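The values are calculated or read from the model by the stated rules, or taken from the named source; none is laboratory data. Keep in mind that this is a model prediction, so the values were computed, not measured. A quick note on method: Cβ atoms are made from the backbone with ideal geometry, for glycine too, and the neighbour counts reach across all protein chains shown. Quick note on the areas: whole protein, heavy atoms, side chains included, nothing else; ligands and nucleic acids left out. Shrake-Rupley method; radii C 1.70, N 1.55, O 1.52, S 1.80 Å.
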Amino acid sequence: MPIEYPSREELGQILKKAKRIAVVGISNNPERTSYMVSEAMKNAGYEIIPVNPTVDEVFGIKAVAKLTDIEGHVDIVNVFRRSEFLPEVAKEFDQIDADVFWAQLGLENEEAYEFLKSKGYTVVMNRCIKVEHALTK
């Protein structure tokens, strides 16, 4: 199956509708991209849920170890893990109440894409959520 992603217009609609973003692989180091991108999204009004078993909190928000530890609905799961880990994250994503699987710029994995699409999920890979938000506001 060829990898096809939502158009920029569709990405804008996703971002306008979304309220809660779970960030897998977020760092508590302000110099890391995952921190900076998530901070920008938080400042834009999104609720950020840090997902990283190696940190206690980010932005004063208690981190959870894995997606399945999150209570309630998640609109977007934004992933900052290397491409080879995307199938594992996709399987965990499938176990929670979430709408969109979003792998950050530079991250793509055909296995994860095909798994998620076969289950009817919206999948975005190799796009920066912060950039797309800025381009579609």
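List of remarks:
- Index of the failed condition, residue 27 passing every other in (1) in contact (Cβ under 8 Å) with a residue 24 or more places away in the chain; (2) of a type in the set (Ser, Thr, Tyr); (3) in a helix (DSSP H, G or I): (3)
- Boolean, residue 32 is basic (Lys, Arg) and touching a helix residue (DSSP H, G or I) at 6+ places or on another chain (Cβ under 8 Å): no
- First in the range 50-73 and more than 17 Å from residue 95 (Cα to Cα) and part of a loop (DSSP other than H, G, I, E, B), second anywhere and among the basic types (Lys, Arg) and open to solvent by 60 Å² or more (accessible area, probe 1.4 Å), Cβ under 9 Å, 6 or more apart: 53/66; 56/62; 59/42
- The set of residues in the range 89-107 being under 11 Å from the mean Cα position of the chain (by Cα), open to solvent by less than 50 Å² (accessible area, probe 1.4 Å) and either farther than 13 Å from residue 25 by Cβ or free of Cβ contacts under 8 Å to residues at least 40 places away in the same chain (or both) consists of 90, 93, 98, 100, 101, 102, 103.
- Hits in the range 70-88 - residues which are buried (at least 24 other Cβ atoms within 10 Å of the Cβ), over 10 Å from the mean Cα position of the chain (by Cα) and β-branched (Val, Ile, Thr): none
- Of the criteria (1) buried (at least 17 other Cβ atoms within 10 Å of the Cβ); (2) hydrophobic (A, V, I, L, M, F, W, C); (3) farther than 21 Å from residue 128 by Cβ, which one residue 65 fails: (1)
- When residues of the range 118-135 are limited to those that are of a type in the set (D, E, K, R) and open to solvent by 80 Å² or more (accessible area, probe 1.4 Å), the one nearest to residue 17 (Cα to Cα): 130
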